[in-house]
Amino acid sequence: QVQLVESGGGLVQPGGSLRLSCTASVEVSSMNTMSWYRQVPGKKREWVATITAGSSRAYGDAVKGRFTISRDNVQRTCNLQMNSLKPEDTAIYYCRAQIDPLTYWGQGTQVTVSS
């Protein structure tokens, strides 16, 4: 069983930055993809970013140019650097790992962007 634990969320002012981390219980190099999603209560979960085993990256339109996803095989983490944060980035952020054919989710970390 793979466990994922997110950390790094919190309250930040508009224009600020946060760095989220997802720590895995297994080698992240074994994962086909790692992704971040976010969800606002009452709304659908939204895809944010994905990084593949080959380190290809993709981003949702809402975060492109502001967020950067990375993975650290030594630390067993997948990180999301979030810059130029906006109030509309406020959500619970979830880490997702895919080891075909299975998918694993973390419990989420709250990000609040407010002055």
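The values are calculated or read from the model by the stated rules, or taken from the named source; none is laboratory data. This one's a predicted model, so the numbers in the text were calculated from it and none came from an experiment. Here the Cβ is made from the backbone with ideal geometry for all residues, glycine too, and neighbour counts use every protein chain on show. The accessibility values were calculated without ligands, DNA or RNA, using every heavy atom of the protein model including side chains. Shrake-Rupley method; radii C 1.70, N 1.55, O 1.52, S 1.80 Å.
Can you list residues whose amide H is under 5 Å from residue 48's amide H, if they're 5+ apart or on another chain and H is modeled 1.01 Å from N?
Here the answer is 36, 37, 38, since their amide H atoms fall under 5 Å of that of residue 48.
Heavy atoms only, probe 1.4 Å: what % of the accessible area of the chain goes to carbon and sulfur, would you let me know?
The C+S portion of the solvent-accessible surface of the chain is 48 percent.
Explain nothing, just the number: dipole magnitude of the chain about its Cα centre with +1 on each Lys and Arg Cβ and -1 on each Asp and Glu Cβ, in debye rounded to the nearest 20.
Charge dipole, the chain, about its Cα centre: 180 debye, nearest 20.
At 10 °C and 1.306 mPa s, what whole-number value in µm²/s does Stokes-Einstein give for the translational diffusion of the stretch 1-68, with Rh from the Kirkwood sum over Cα pairs?
Answer, rounded: 116 µm²/s.
Only bridges whose two residues both fall in the chain count here: according to DSSP, what percent of them are antiparallel, nearest 5?
The answer is about 95 percent antiparallel.
Residue 83 to residue 39: extension gain in nm, 0.36 nm per residue of separation minus the Cα-Cα distance?
Difference between extended and current length: 14.0 nm.
First obtain the Kirkwood hydrodynamic radius of the chain from its Cα pairs, then insert it into the Stokes-Einstein equation at 20 °C and 1.002 mPa s, and state the resulting D in µm² per second as a whole number.
Value of D from the Cα-based Kirkwood radius: 153 µm²/s.
How much area per residue is accessible in the stretch 15-115 when the probe is 1.4 Å and only protein heavy atoms are counted (Å²)?
Here the residues of the stretch 15-115 average 50 Å² of exposed surface.
Read phi for every residue in the stretch 48-56 and hand back ³J(HN,Hα) as whole Hz from Karplus 6.51 cos²θ - 1.76 cosθ + 1.60, θ = phi - 60°, with x for Gly and Pro.
Along the stretch 48-56, the couplings run 10, 6, 9, 10, 8, 4, x, 6, 6 Hz.
Relative to the present Cα-Cα distance, how much length would full extension add between residue 66 and residue 53 at 0.36 nm per residue of separation?
2.5 nm
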